[in-house]
1. Yes or no: N190 within 22 Å of P12 (Cβ to Cβ), polar (S, T, N, Q) and out of contact with any Ser or Thr (no Cβ under 9 Å at 6 or more places or on another chain)?
2. Out of curiosity, is A200 out of contact with any Ser or Thr (no Cβ under 6 Å at 6 or more places or on another chain) and surrounded by fewer than 20 Cβ atoms within 10 Å (Cβ to Cβ)?
3. With the requirement that a residue be assigned to a helix (DSSP H, G or I), without any contact (Cβ under 8 Å) to a residue 60 or more places away in the chain and either surrounded by fewer than 18 Cβ atoms within 10 Å (Cβ to Cβ) or of a type in the set (D, E) (or both), what does the range 203-231 give you?
4. Could we say that M77 is touching a Phe, Trp or Tyr at 6+ places or on another chain (Cβ under 6 Å), touching a residue at least 40 places away in the same chain (Cβ under 8 Å) and aliphatic (A, V, I, L, M) here?
5. With the requirement that a residue be closer than 21 Å to A74 by Cα and aliphatic (A, V, I, L, M), what does the range 131-164 give you?
6. Which one of these does I165 not meet: (1) crowded, with 21+ Cβ neighbours inside 10 Å; (2) in contact with a Lys or Arg (Cβ under 9 Å, 6 or more places away or on another chain)?
7. May I ask you to say which residue of L110, L116, L96, L76 is more than 16 Å from the ligand (Cβ to nearest atom) and under 18 Å from the mean Cα position of the chain (by Cα)?
8. Examine the range 164-187 for a residue that is in contact (Cβ under 8 Å) with a residue 24 or more places away in the chain, in a helix (DSSP H, G or I) and within 16 Å of the ligand (Cβ to nearest atom), and state whether such a residue exists.
Amino acid sequence: MTPSTANSPLTPVIIPSVLPADFSRLGDEVVALHEAGVDRFQFDVMDGRFVPNLTFGPDVIASVRDRTDRPFEAHLMVEKPDELAHLYVEAGCDMLIVHAEACDHLHRTLGHIRELGAVPAVALNPSTPASALTHVLDLLDMVLVMTVNPGFGGQPYIATMEAKIAEVRAMVTTSGRDIDIEVDGGIGPNTIAGAASAGANFLVAGSALYRDPEGLGHAVDDLRTRAAQAFAAND
Ligand code: DX5
């Protein structure tokens, strides 16, 4: 049962990861995703240390900021995100997602992000329990429950994370706070209903959008419809 929240009933928010996009024409790819109807954009920032992959820095994000008016979220898969946070806010990111596992002082980091004028969010790797959120729920606007181990796109969805999604959704409901729950990794037509039914309303997809033979617009609409149907079935 997808419990209601402060913004009940849940409505699906479809967010592309630009990881699979053609980086040689990233600006045009952002425009194409905007025109396909995405709600927000997620930039997977990887430092080659916290995760084995290395992607892009703030300048790349800044270079496409003016190609859409939709919110940007930086998924900081980096060591010591405190030291980099201001750069991603200056690049035009509205939300910064830090990994609980990468923060020595998560409570302070979230407050720092808010002081920078951005929306703070926490990501949990598959092995990190929901209880890591207990003492910071009052500081954040979104929780990202990773449904793959971070570092690469195109990985298989870890369905056992649905129990954690439901646990986080129950924590949020009990808190009475309007906190969104995001999932990222292996989200596509065959997995989005399970994540949505468990309580996720921010749905990140990369490969599934680019894999759709009918194009980005169809892929976005299809994911949104499937998630909405899952919410309706659970209300
Ligand atoms: C993992 C990445 C991926 C990416 C989307 O570190 O964060 O989850 O955003 O991956 P797919 O292609 O599985 O949607």
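Coordinate-derived values only; no laboratory data. All figures in this text were calculated on a predicted structure; none of them were measured in a lab. No Cβ is skipped: glycine too gets one built from the backbone with ideal geometry, and neighbour counts run over all protein chains shown.
1. yes
2. Considered against the rule, which asks whether it is out of contact with any Ser or Thr (no Cβ under 6 Å at 6 or more places or on another chain) and surrounded by fewer than 20 Cβ atoms within 10 Å (Cβ to Cβ), A200 comes out as no.
3. R211, H218, D222, T225, Q229
4. Yes, satisfied.
5. Hits for the range 131-164 are A132, L133, V136, L137, L139, L140, M142, V143, L144, V145, M146, V148.
6. Here I165 clears every test but (2).
7. Going through L110, L116, L96, L76 in turn, just one is more than 16 Å from the ligand (Cβ to nearest atom) and under 18 Å from the mean Cα position of the chain (by Cα): L110.
8. So the first thing to find is which residues in the range 164-187 are in contact (Cβ under 8 Å) with a residue 24 or more places away in the chain, and the list is 164-173, 175-187.
Subsequent filtering for residues that are in a helix (DSSP H, G or I) retains 164-173, 175.
Within this subset, residues satisfying the condition of being within 16 Å of the ligand (Cβ to nearest atom) are 164-165.
Looking through the range 164-187, at least one residue is in contact (Cβ under 8 Å) with a residue 24 or more places away in the chain, in a helix (DSSP H, G or I) and within 16 Å of the ligand (Cβ to nearest atom).
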